[in-house]
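This report concerns only the one structure given below.
Just so it is clear, none of the values below were taken in a lab; they were calculated from the coordinates. What you are looking at is a predicted structure, and each value in this text was computed from that prediction instead of being measured. Note that we place each Cβ from the backbone using ideal geometry, even for glycine, and neighbour counts take in every protein chain shown.
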Amino acid sequence: MFKGWNLKGGLDLEGHKDLSRQYSINNTAIPDELIYPLVDRSGNVLTALAKTGERVLKGQVIAGSKGVQGTLLHAASSGLVKENEWRMIAHPSGLKSECLIVATDGLDECCPIDEPVDYRQLSAADICEKVHQAGIVGLGGASFPTAIKITPNNVHTIDTLIINGAECEPYITCDDRLMQQYPSEILLGIQVLLRALAIKNCVIGIEEDMPEAIEAIQKAIECSGFNQIQVKVVPAVYPAGGERQLIYLLTGRETPSQGFPVDIGVVCQNVGTVMAVYQAIVKGQVLIERVVTVTGTGINKPQNMWARIGTPIKDLVSQCGGYNGPNERLIMGGLMMGFSLPDDSVGITKATNCILVATSKEVTKSSEAEIQPCIRCGECASVCPVNLLPQQIYWYSQGGAHQKCQSFGLFDCIECGCCDVVCPSHIPLVQYFRASKSKVFLKRREDEAATLAKQRFERRDTRQVQEKVAREQRIRVKKLALVKRQKESVSSSAKMQDKP
Amino acid sequence: MLWICLLFAILGVILGYAAFRFKVEGDPLVVDIEALLPQTQCGQCGFPGCKPYAEAIAQGKADINQCPPGGEVGVKALADLLGLDAKPLNESFGIEKEKKVAVIVEADCIGCTLCIQACPVDAILGAAKYMHTVIASECTGCDLCVEPCPVDCIVMTAIKPSVLNWQWPKPIPNRH
């Protein structure tokens, strides 16, 4: 049984995991088109590195973003790069954005891959560089570049690596399947990460309702002899798989508000990310595919599949036997933290862990219920896993007092949606919080722009003053020269007159 | 008596020194007011920029409701700072509009540099007899370049919604 710290709040949600967890991960056919948005979810713009009309090979770099958090994107199959198009992308706005499109040729021709090397011969810097070159980002959903997380720095001392195998969202089973089918690969991936971080301590957190995964990992640990890796079973409470929540459950350490797990000596990686690290370092393969759970009562054959990044959702759906009737909503991500998509032409991204085809069975409550006034019952506060007062933040958010929201911990909200579920007045609290966060970000951007405009205005002002002074100076000098010349000419003409 | 005089003299010296040593550059009130203005530098308030307007407010020469880009929110913030009652925007200075960005129709530009001289934040690039262009990210949408253009090739365009500037909408409460 679980011996550790207890999560405050949270919900005991129905898992619906049996729809997809018992089937092994299927491979998918090469889609006709691969769609890559040239902007990621954190708003970084990617620059296309492959030209229009160029033939790209599987695993070739086709786009990259600059800056500290820059990542690389690779083609998931061989084909021709079409002209960039504005397509619907995996984004809650439902807006179109510029996308790089690869028309596949079905040959699936690979880039020459590096000779696999023994990871024990690699230095930490080599591992980080390879992880970066392989385009690996957190596959749990946040898409934070993994190389940055594992690059040692002088400020923080890391002592524990936590592997997140607590898939707490209902319906999603991709990490569960990965652990059942690839336990020894995951353990090798962990060894690589431990080497990069130069530490020995690793804890894998798995939810108690995944007995097969727990058994598979434990067996693999026994066989491999990697005894420093511990498996800890955590209660199946949503959101036990949230990064901060899992760290607290396993170590009792609390990530500071506005801080990061590194501040408390922890690096946390998702199981899928560890698998990608294994593939990159041990196999020399870049990140071009991931496991996606395609599930929900609206689909004929729910299952997990190895899907190429960029595959349109409709291709995955048709390989799952198609829709079984009219659907209420198409959700990317989980039922709790995912977002609705306008249609199924959207390509999957590195962050896509689940496609949920929801029927009226799954989504009636939130969409049909009428919003009633808050009765201040406090239910939301008792389920909040971050100890916030959602009713209070809601109050300020509704009134547009976004600064006040911040003082009540708006940015500590992980948008898990527990408060939405329990609210007897059906208030969409999380949406209020997201709207407030948007407003705060907008205000920050406006303030930055205003500061810049002020600077430019002031510099222009000083420049104009300087120019005026310089012009006056020039005129004065010229006038003086003129007066001097006139005097000279007068005196010389006087001399001339004197001479004869 | 003598002691008291002496004490006062010493304190006087200290005060005099403090006034000299800790002198505040500029008017702190002007700085606070200016921080609340949108820095559009559009001059709609009747002053040549946000700072001159801030100075005029501090001296009581201008009212707080003369800044259309700041809008009602801006007026309210100024009222809070100065302890005054908020009032509606004075429409004789203009009305609150959505922020736009100037775009030069490059095919029509004759390269006269008049817009470059008019831009208060140096957001227009170009040289005489060469095409000009607006640096969109630096443009404050002040409209000042539109008027001087002899060929009317500057259009104020709405900022296009994209995933980069998109905002989560606030839920619509359905009260009965």
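Put a dot 7 Å past the Cα of B:ASP63, heading toward its Cβ, do the same for A:ALA470, and the two dots end up 4.3 nm apart. Computed from the C-beta positions of A:TRP86 and A:GLN133, the FRET efficiency with R₀ = 30 Å rounds to 0.50. Within straight-line reach of A:LYS149, meaning a Cα separation under 16 Å, sit the following aspartates and glutamates at least 8 residues removed in sequence or on another chain: A:ASP126, A:GLU129, A:ASP159, A:GLU243, A:ASP263.
Count Lys and Arg as plus one, Asp and Glu as minus one, and take only other residues whose Cβ is under 9 Å from that of A:ARG456; the net charge is then 0. The slack in the chain from A:LYS8 to A:ASP343, taken as 0.36 nm per residue of separation less the alpha-carbon distance, amounts to 116.9 nm. Pairs exceeding 31 Å between alpha-carbon atoms, taken from A:LYS468/B:LYS129; A:LYS454/B:LYS160; A:LYS437/B:LYS76: there are none.
Using a simple spin-label model with pseudo-atoms 7 Å out from Cα toward Cβ, A:ASN26 and A:ASN387 lie 4.7 nm apart. Net charge dipole, chain B: roughly 400 debye, given to the nearest 20, about the Cα centre with Cβ charges of +1 for Lys and Arg and -1 for Asp and Glu.
One decimal place: the segment A:GLU370-A:ASN300 gains 22.1 nm when fully extended, by the rule 0.36 nm per residue minus the C-alpha distance. In summary, the helical segments of chain B meeting the span-like criteria, namely a full DSSP H run, a Cα extent along the axis of 27 angstrom or more and a mean Kyte-Doolittle hydropathy of at least 0.5, are B:2-21.
Electrostatic tally near B:GLU34: other residues with Cβ closer than 11 Å to its Cβ, Lys and Arg +1, Asp and Glu -1, net -2. Dipole orientation for segment B:28-93: of the candidates B:VAL31, B:GLY74, B:GLY43, B:GLY43 has the Cα lying most toward the positive pole (charges on Cβ; Lys, Arg +1; Asp, Glu -1). Summing +1 for each Lys or Arg and -1 for each Asp or Glu among the other residues whose beta-carbon sits under 13 angstrom from that of A:PHE441 gives +3.
Using the Cβ-Cβ distance between B:THR133 and B:VAL24 with R0 set to 45 Å, the FRET efficiency works out to roughly 0.60.
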